[in-house]
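Enquirer: Submitted below is the structure of interest, expressed as structure tokens.
The values are calculated or read from the model by the stated rules, or taken from the named source; none is laboratory data. Please read these numbers as outputs of a predicted model, since none were measured by experiment. Note that we place each Cβ from the backbone using ideal geometry, even for glycine, and neighbour counts take in every protein chain shown. Accessible surface is based on the protein model in full, side chains and every heavy atom, while ligands, DNA and RNA are left aside. Shrake-Rupley method; radii C 1.70, N 1.55, O 1.52, S 1.80 Å.
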Amino acid sequence: MSGTGRRVHAAGAVLALAAMALSACGNDLASLKLTMASGVEKGVYNRLSAALADAWTEQLGIEHPQVAATKGSIDNLERLRTGQANVGFSQADAAEMAAVDEPGKHKLYALARMHDDYLQVVVRDDLKVNRLVDLKGLRVSIGSETSGVRLIADRLLESAGISPDSDLRVQHLDLNEASDAMLAGSLDAFIWSGGLPTLRVTQLAQSVKVKMLDLTDVLPELRKRYPVYGSATLPASAYSLPGNAVTTLTVRNFLLVNDQMSDEAAEALARGLIDAQPRLEAASPAARSIEIRAAIETTPIPLHPGALRYYRDAKL
């Protein structure tokens, strides 16, 4: 074979291998079926999941993902680890607790850091409650049993020296149930952790006079015990409330998959997520903070190798 012939043959072989790789990737995506653990209906997780499912369907040509309403982060993590879902949202604190090897359970990987949640202690405005300790004796929801809200509420109350069992008339309601109970007059306050603004809280504030508690006095002890949390200002304008801004804590949110996700699929999903940011922001203003450089900040959950490949190729 001549030198020219060898070069043509070699080039043809390279093209054939490339075609096979593309075909394999295409087949992987074509058969991809996603179930997304999305949190409570009308919550930020749920709204972002629905928008992301639409975007991935259009971008990748896959079957439309199933968006499953759940009770929140802990429920989502259990579904990911048992294979009931292969994509899901979680707060960083709950994910940190679940990031342990356990026989028969799938390992967790991150596709991206998403938005930050703000802890929101919502109280009826006609009550003389200005600090967390003033909730003693009142009817307070601290989140459903399998939610990240419950985890963060327990830690907050513990740090403040408040016992849910003896100091509060505690209830375990999700966001929608708590809002309905407050509308009905059967609940005095509830703790919620979500992006700003959360639609259901916005709707509640339009029907009932509410206020947000400032947590300045209890945050130092909480953050000392649990460094995973940050602090930030929650502006009154987030819900068009009277009064001043309050100081509260924040927690990062991750979009997670399990170890059943292929590298090719994870890479495509991460790329699709970043490309869909304007669409996600239209679904919830919380998504305005999603951007490629912050997306890699998922410690203590490792990035999926496929997602890491996408971020490296994007030359971060």
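Enquirer: Need at least 3 residues that are farther than 25 Å from L119 by Cβ and not charged (D, E, K, R) per element, so show me which helices (runs of 4 or more DSSP H) inside the range 259-305 make the cut, counting only ones lying wholly within it.
Expert: 263-275
Enquirer: Give me the pairs, please: first residue somewhere in the range 211-226 and over 15 Å from V122 (Cα atoms), second residue anywhere and open to solvent by 50 Å² or more (accessible area, probe 1.4 Å), beta-carbon distance under 6 Å, and either six or more positions apart or on two chains.
Expert: Sorted first by the residue in the range 211-226, then by its partner, the pairs are L219/S231.
Enquirer: Give me the residue from the range 291-316 that is open to solvent by 60 Å² or more (accessible area, probe 1.4 Å) and over 18 Å from E264 (Cβ atoms) and, out of that set, modelled with the lowest pLDDT.
Expert: The qualifying residue modelled with the lowest pLDDT is L316.
Enquirer: Would you check which residues across the range 202-215 are in contact with a helix residue (DSSP H, G or I) (Cβ under 7 Å, 6 or more places away or on another chain) and part of a strand (DSSP E or B) and list them?
Expert: If the condition is that a residue be in contact with a helix residue (DSSP H, G or I) (Cβ under 7 Å, 6 or more places away or on another chain) and part of a strand (DSSP E or B), then V210 is the only one that fits.
Enquirer: Does the range 220-241 include one or more residues that are closer than 17 Å to L132 by Cα, in a strand (DSSP E or B), β-branched (V, I, T) and open to solvent by 10 Å² or more (accessible area, probe 1.4 Å)?
Expert: yes
Enquirer: A further question on this structure: More than 21 Å from I74 (Cβ to Cβ) and touching a Pro at 6+ places or on another chain (Cβ under 9 Å): which single residue out of A236, A160 fits that description?
Expert: Sole residue among the options that is more than 21 Å from I74 (Cβ to Cβ) and touching a Pro at 6+ places or on another chain (Cβ under 9 Å): A236.
Enquirer: Are any residues in the range 198-220 in contact with a strand residue (DSSP E or B) (Cβ under 6 Å, 6 or more places away or on another chain) and within 12 Å of Y239 (Cα to Cα), and if so, which ones?
Expert: V210, K211, M212
Enquirer: Take the residues in the range 29-69 that are in a loop (DSSP other than H, G, I, E, B) and within 12 Å of the chain's Cα centre (by Cα), then tell me which one is modelled with the highest pLDDT.
Expert: Looking at residues that are in a loop (DSSP other than H, G, I, E, B) and within 12 Å of the chain's Cα centre (by Cα), I get S38.
Enquirer: Within the range 77-84, can one find any residue that is in contact with a Gly (Cβ under 6 Å, 6 or more places away or on another chain), at pLDDT below 95 and crowded, with 24+ Cβ neighbours inside 10 Å?
Expert: Checked against the condition, which is being in contact with a Gly (Cβ under 6 Å, 6 or more places away or on another chain), at pLDDT below 95 and crowded, with 24+ Cβ neighbours inside 10 Å, the range 77-84 yields no hits at all.
Enquirer: Under 6 Å between Cβ atoms, which residue pairs at least 6 apart in sequence (or on different chains) link something in the range 169-181 that is β-branched (V, I, T) with a partner that is part of a helix (DSSP H, G or I) and open to solvent by less than 40 Å² (accessible area, probe 1.4 Å)?
Expert: V170/P164
Enquirer: Does the range 125-140 contain any residue that is buried (at least 16 other Cβ atoms within 10 Å of the Cβ) and among the acidic types (D, E)?
Expert: So far as the range 125-140 goes, no, none of its residues is buried (at least 16 other Cβ atoms within 10 Å of the Cβ) and among the acidic types (D, E).
Enquirer: Give the residues of the range 193-208 that are open to solvent by less than 30 Å² (accessible area, probe 1.4 Å), more than 19 Å from P242 (Cβ to Cβ) and out of contact with any Phe, Trp or Tyr (no Cβ under 8 Å at 6 or more places or on another chain), sorted by residue number.
Expert: Within the range 193-208, just R200 meets the criteria.
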